[in-house]
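Single-structure report; data block below.
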Amino acid sequence: MVAGGISQFLDICPSPGCLAVQYDRKGNVVRKWPLKSSALLDAKSVVEGKFSYGGNDPTKNISVVGLQMFKNGDLLVSLALRNSFPYGWGLARIDSEGNVVWRKRDFYHHWAKLTVNGDIYSPFYEIRDDHQYQGVPKEIQLDLICPKPDKQFADFVHVLGHDGRIKKRIDLVRLVANNKRYNSLLARSRDSCDPLHLNFVDVASPEEAAETDWLETGDMLLSFKAISAVMVISADGQLIKRAFSGSFAVQHSAQFVENGKILLFDNMGASESSLSSRLIQIDLKDGSEKVLYSRQNPAEYSINAGNISLSADGKRALLSYTRTGHAIELELTTGKRISTYDHAHPIPATKNKKQIFYLFGAWFVKNDR
């Protein structure tokens, strides 16, 4: 299943395009979700009356970032705006015909996690205008002074039910800042106005938790781009259990896997000049790293975003290189490439011309889920 968006898949869906398309292994279209709801393309800013919106017309700028499939075939869709303030554009549940079941038109962003019991874990932020974070120790405040009025992000995890109702909120800046073991990570943030930049949440399953003595079912794995670190917190959101940093930089899509490991999409590939994104494995016991896949290929480098989808048996991965619109399927044990995909779609009113779009994700579904 591949994320679509405005002007994408116009050869499959009517204008403005497909929200998502599912293919079989031969490349045939199995299913499509049209992008047809005005509720998703509403140009009215979610910040109206609160903060000034800055950026392109949302109806031309909205991106489908995350997709997760409910058991009945509905999609959980994460939306974002490129090069805009704010960049979070909310969550929605979309039925098989592209109709909106419910819509959270708020500051949800990046990729949401749908658990087997139907709960949703999503990155969320609040926008602050007080130039400091309340409830943060004074010695940490100096690392969090934002010079931009009305543009200070405070990261949260929101846990929602399948109906979109909020069940829990976890204030991450406060959690990190008040932890004496890990609050020094804030001093190395790339952006004092967005000091953590949460971009992914995963939740430990019973099978994943069983492999590590300190990990419990329901614990959360968080990926923070601004500090180039991943963190495991308790299921109740009150305790930081471990934090890991290493050779990776501005990573995305950190996920638990069995055998006491996690995987992540390392955008910068050990250095900002390498021009090669990597698939990294980290051992939860000692934090040691192993490079599972890396290749010097311009198509396999994405300075931002990037996503990993694992097959049901945990033996294969789909890597989406967002900026180049390229994806590969590979065997995790050998690094062997099985298949590739390029996110190129026909340009209307032209002959045989295609445009490459950003690819925010491709996912295994059904038997490959």
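Among the residues of the range 89-108, are any acidic (Asp, Glu) and more than 18 Å from the chain's Cα centre (by Cα)?
The answer is yes; a qualifying residue exists.
Have a look at 321, 293 and point out the one that is under 23 Å from residue 357 (Cβ atoms) and not polar (S, T, N, Q).
Only one candidate passes the filter, namely 321.
Going by what's in this entry, would residue 340 be described as assigned to a strand (DSSP E or B), farther than 23 Å from residue 210 by Cα and β-branched (Val, Ile, Thr)?
yes
Take the residues in the range 143-201 that are among the basic types (Lys, Arg) and in a strand (DSSP E or B), then tell me which one is surrounded by the most Cβ atoms within 10 Å (Cβ to Cβ).
Selected residue: 168.
So is residue 333 surrounded by 20 or more Cβ atoms within 10 Å (Cβ to Cβ) and either aromatic (Phe, Trp, Tyr) or more than 16 Å from residue 23 (Cα to Cα) (or both) or not?
No: the conditions fail for residue 333.
List the pairs whose first member sits in the range 183-195 and is farther than 14 Å from residue 249 by Cα, whose second member is of a type in the set (Ser, Thr, Tyr) and part of a loop (DSSP other than H, G, I, E, B), and whose Cβ atoms are under 6 Å apart, counting only residues at least 6 apart or on separate chains?
195/189
One line per residue, one yes/no per condition, for (1) in contact with a Leu (Cβ under 9 Å, 6 or more places away or on another chain); (2) touching a residue at least 24 places away in the same chain (Cβ under 8 Å); (3) within 23 Å of residue 267 (Cα to Cα):
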position: 200; (1), (2), (3): yes, yes, yes
position: 207; (1), (2), (3): no, yes, no
position: 214; (1), (2), (3): yes, yes, no
position: 223; (1), (2), (3): yes, yes, yes
position: 231; (1), (2), (3): yes, yes, yes
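Tell me yes or no: at least one residue of the range 73-88 is modelled with pLDDT of 80 or more and more than 20 Å from residue 124 (Cα to Cα).
yes
Out of all the residues in the range 320-339, is one or more among the hydrophobic types (A, V, I, L, M, F, W, C) and out of contact with any strand residue (DSSP E or B) (no Cβ under 9 Å at 6 or more places or on another chain)?
No, there is no match, as no residue in the range 320-339 is among the hydrophobic types (A, V, I, L, M, F, W, C) and out of contact with any strand residue (DSSP E or B) (no Cβ under 9 Å at 6 or more places or on another chain).
Tell me, which residue of the range 293-318 that is hydrophobic (A, V, I, L, M, F, W, C), crowded, with 19+ Cβ neighbours inside 10 Å and more than 13 Å from the chain's Cα centre (by Cα) is farthest from residue 262 (Cα to Cα)?
Across the range 293-318, the extreme among qualifying residues is 318.
Would you be able to tell me the number of residues in the range 348-359 that are under 14 Å from residue 6 (Cβ atoms) and at pLDDT below 80?
1
Residue 322 fails exactly one of the following numbered conditions: (1) among the β-branched types (Val, Ile, Thr); (2) within 27 Å of residue 226 (Cα to Cα); (3) out of contact with any Gly (no Cβ under 9 Å at 6 or more places or on another chain). What is the number of that condition?
Single failed check for residue 322: (3).
Kindly indicate whether any position in the range 292-313 is of a type in the set (D, E, K, R) and either assigned to a strand (DSSP E or B) or at positive phi (or both).
Within the range 292-313 (the criterion being of a type in the set (D, E, K, R) and either assigned to a strand (DSSP E or B) or at positive phi (or both)), the answer is no, since none of the residues qualifies.
Checking residue 308 against (1) of a type outside the set (S, T, N, Q); (2) at pLDDT 95 or above; (3) touching a Lys or Arg at 6+ places or on another chain (Cβ under 7 Å): exactly one of these is not met. Which one?
(3)
The values are calculated or read from the model by the stated rules, or taken from the named source; none is laboratory data. As the structure is a computational prediction, the values presented were derived from the model and not from experiment. Counting neighbours? That spans all protein chains shown, and the Cβs are built from the backbone with ideal geometry, glycine included.
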